[in-house]
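Only the coordinates and a few stated rules stand behind these numbers; no lab work does. The shown structure was predicted, so the numbers you read here are calculated from the model rather than taken from an experiment. Here the Cβ positions follow ideal geometry from the backbone for every residue, glycine too, while neighbour counts run over all protein chains shown.
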Amino acid sequence: MVNAAEPHTEGTSMKNGIVTALIGFAAGCGGFLLLFKLLFLDRIPPSDELAPGIVVALAIAAGASTSALLTRWRHRGERTREQH
């Protein structure tokens, strides 16, 4: 039986997890692309055709790792709250 005073339910937790993962992915991709633009873009010649594909692949990898780290950090916080 679910307590009506309990703010967290299984569905809410799942939605929050998905939102956390999406925010982490967007922050990781955006952060990587911003740093790449600020630090490396001036040094790459416009005729280089390999660079855009590599940059997109690295941005996706950075987004996925940031998403995983944020999700893990969020779950760790939930477990410590449940223990107290």
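Students often get this wrong: which residues of the stretch 52-80 have the backbone nitrogen under 12 Å from the point 7 angstrom along Cα-to-C-beta of Phe36? Counting backbone N atoms under 12 Å from the label point, the list is 52-63.
Expressed as a whole percent, the proportion of Cα-Cα pairs in the stretch 22-83 lying more than 16 Å apart is 54%.
Counted by neighbouring Cβ atoms within 10 Å, the residues Ser13, Ser67 run from fewest to most as Ser13, Ser67.
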